Amino acid sequence: MTANIKKVREKSLSNPSDPTVYDTLQKIITAEAKEGDRTATQGLLWLKRGLELTAMALKRSLENQKETLSESFTEAYNKTLKQYHGFIVKKMFGVAMLACPDRETFYKKIGGDNEGAHEQLLAWVNALQGLLNELNIFYASGAFDKGL
């Protein structure tokens, strides 16, 4: 995710003489579609996909408290990123899930495994999903994800 953030950030700062040229994600994507170099557009697309995985997994975890984090993230992966990955990356994801912390440890680190912390996390996930929905609509409106 960090590399994709860097691509978008570099593009947003690439015109210091007029910082408003790339001051929104939509402006960056629209400009890159005209320029032909879609580095930031591709970076944002993969960042968006990764955040969709995160939002879906966390929401699933909050709604299915008997489910392990590994199960929540695996199900979210199956619905978001899996379709874009080849055989090796799919297997690597499965291996990575072996290192996934247990629910108690994870929730303790982010504020506790209690209703108040869950409500705050759900509010954050819902806000993130709203932003992702806006990006999805924008990408679809111009077919900006085609060929990436």
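Key figures
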quantity	calculated
Solvent-accessible area, 1.4 Å probe, carbon plus sulfur percent, for the chain	57 percent
Convex hull (Cα only) mean projected area of the stretch 1-137, reported in nm² to one decimal	9.8 nm²
Max mean-square fluctuation residue, GNM over the chain, Cα-Cα springs under 10 Å, options K66, K11, K82	K66
Calculated diffusion of the stretch 51-97, Stokes-Einstein form, Kirkwood radius summed over Cα pairs, 20 °C and 1.002 mPa s, µm²/s	200 µm²/s
Per-residue [θ]222 nm for the chain (sum of -39500 (n - 2.57) over DSSP H runs n ≥ 4, rounded to 500)	-22500 deg cm²/dmol
Most mobile listed residue (I28, I137, I88) in the chain, GNM with C-alpha springs under 10 Å	I88
Sequence-separation-based contact order of the chain, relative, with Cα cut under 8 Å and 6+ spacing, percent	23 percent
Fluctuation leader among K90, K109, K48 - the chain, Gaussian network, Cα springs under 10 angstrom	K109
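The values are calculated or read from the model by the stated rules, or taken from the named source; none is laboratory data. Remember, it's a predicted structure, so these values are computed and weren't measured experimentally. The protein model used for the area step is the full one, side chains on, heavy atoms only, and it has no ligands, DNA or RNA in it. Shrake-Rupley method; radii C 1.70, N 1.55, O 1.52, S 1.80 Å.
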